[in-house]
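These notes concern the structure reproduced below.
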Amino acid sequence: MPTFISPQPDDERFMRLALDACRAGVMQGQTPFGACIVRGGEVIESTHNHVWLTIDPTAHAEVHCIRHACQKLNTIDLTGATIYSTTEPCPMCFSAIHWSRIERIVYGANIADAQSFGFNELIVTNEQLIELGKLSMQLTPGFMRDEAIELFKLWQQRGGQTY
């Protein structure tokens, strides 16, 4: 069963970094997803989706962020970290979060929101993945959801394409 955590004092600041990264990605022609990894109150990495830029369907914002955070810290263990994601992580990203031992996920828009903008999302929520895996991961869902949805709208206005 997931542990639902109320928003913490610095969550808005860190989610804004993920939203800003997402916006930067949209302006570069990427899909509207951003992420930020924080540990001990310090930002390790903040980035956006790089799928179209790298022609790599696994280059989601969360995976890209985890890759860079691990490289910066020279470890695959991100115990104690929180990931801020503009949208609920997909099962692939969730698995990477789990494998890197990130302890908390804070996300804005949900999977159904992404689907409503045409994204080919699996209808498997983070809550379901936590329950199926019998994990102790912490979730703060729907945080700054309206701002995240606005980035989907910006992406759509700019003629963005899904994959």
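The values are calculated or read from the model by the stated rules, or taken from the named source; none is laboratory data. No experiment lies behind these values; they were computed from the predicted model shown. Neighbour counts are summed over all protein chains in view; Cβ atoms, including those assigned to glycine, are modelled from backbone coordinates with ideal geometry. Ligands, DNA and RNA are excluded from the accessible area calculation, which covers all protein heavy atoms including side chains. Shrake-Rupley method; radii C 1.70, N 1.55, O 1.52, S 1.80 Å.
Can you tell me which residues in the stretch 89-102 are open to solvent by 10 Å² or more (accessible area, probe 1.4 Å) and either among the acidic types (Asp, Glu) or outside any helix (DSSP H, G or I) (or both)?
If the condition is that a residue be open to solvent by 10 Å² or more (accessible area, probe 1.4 Å) and either among the acidic types (Asp, Glu) or outside any helix (DSSP H, G or I) (or both), then Cys90, Arg101 are the ones that fit.
Only one of these is at pLDDT below 95, more than 23 Å from Ile149 (Cβ to Cβ) and out of contact with any helix residue (DSSP H, G or I) (no Cβ under 6 Å at 6 or more places or on another chain): Ser95, Ser136. Name it.
Details: Ser95 fails: at pLDDT below 95.
Among Ser95, Ser136, only Ser136 is at pLDDT below 95, more than 23 Å from Ile149 (Cβ to Cβ) and out of contact with any helix residue (DSSP H, G or I) (no Cβ under 6 Å at 6 or more places or on another chain).
Do you know which residues across the stretch 12-33 are more than 15 Å from Asp146 (Cβ to Cβ) and assigned to a helix (DSSP H, G or I)?
Our first condition is that a residue be more than 15 Å from Asp146 (Cβ to Cβ); within the stretch 12-33, this holds for 13-14, 17, 20-21, 24-31, 33.
If the condition is that a residue be more than 15 Å from Asp146 (Cβ to Cβ) and assigned to a helix (DSSP H, G or I), then Arg13, Phe14, Leu17, Asp20, Ala21, Ala24, Gly25, Val26, Met27 are the ones that fit.
Looking only at residues that are surrounded by fewer than 12 Cβ atoms within 10 Å (Cβ to Cβ) and not hydrophobic (A, V, I, L, M, F, W, C) in the stretch 122-152, which one is farthest from Ser6 (Cα to Cα)? Steps first, please.
First, pick out the residues of the stretch 122-152 that are surrounded by fewer than 12 Cβ atoms within 10 Å (Cβ to Cβ): 122-123, 132, 134, 136, 146.
Filter once more, so that each one left must be not hydrophobic (A, V, I, L, M, F, W, C): 134, 136, 146.
Numbers: Lys134: 21, Ser136: 16, Asp146: 17 Å.
Residue satisfying both the conditions and the ranking: Lys134.
Can you find, within the stretch 34-64, the residue that is least open to solvent (accessible area, probe 1.4 Å) among those that are assigned to a helix (DSSP H, G or I) and farther than 17 Å from Ile97 by Cα? Before the answer, list the steps.
The initial filter retains those residues of the stretch 34-64 that are assigned to a helix (DSSP H, G or I), namely 51-54, 61-64.
Subsequent filtering for residues that are farther than 17 Å from Ile97 by Cα retains 51-54.
Values: Val51: 9, Trp52: 88, Leu53: 108, Thr54: 68 Å².
Among those residues, the one meeting the criterion is Val51.
Kindly provide the set of residues from the stretch 103-151 that are over 17 Å from Ile66 (Cα atoms), of a type in the set (Ser, Thr, Tyr) and outside any helix (DSSP H, G or I), ordered by number.
Thr125, Ser136, Thr140
Tell me whether the stretch 77-87 contains one or more residues that are surrounded by fewer than 24 Cβ atoms within 10 Å (Cβ to Cβ) and small (Gly, Ala, Ser).
yes
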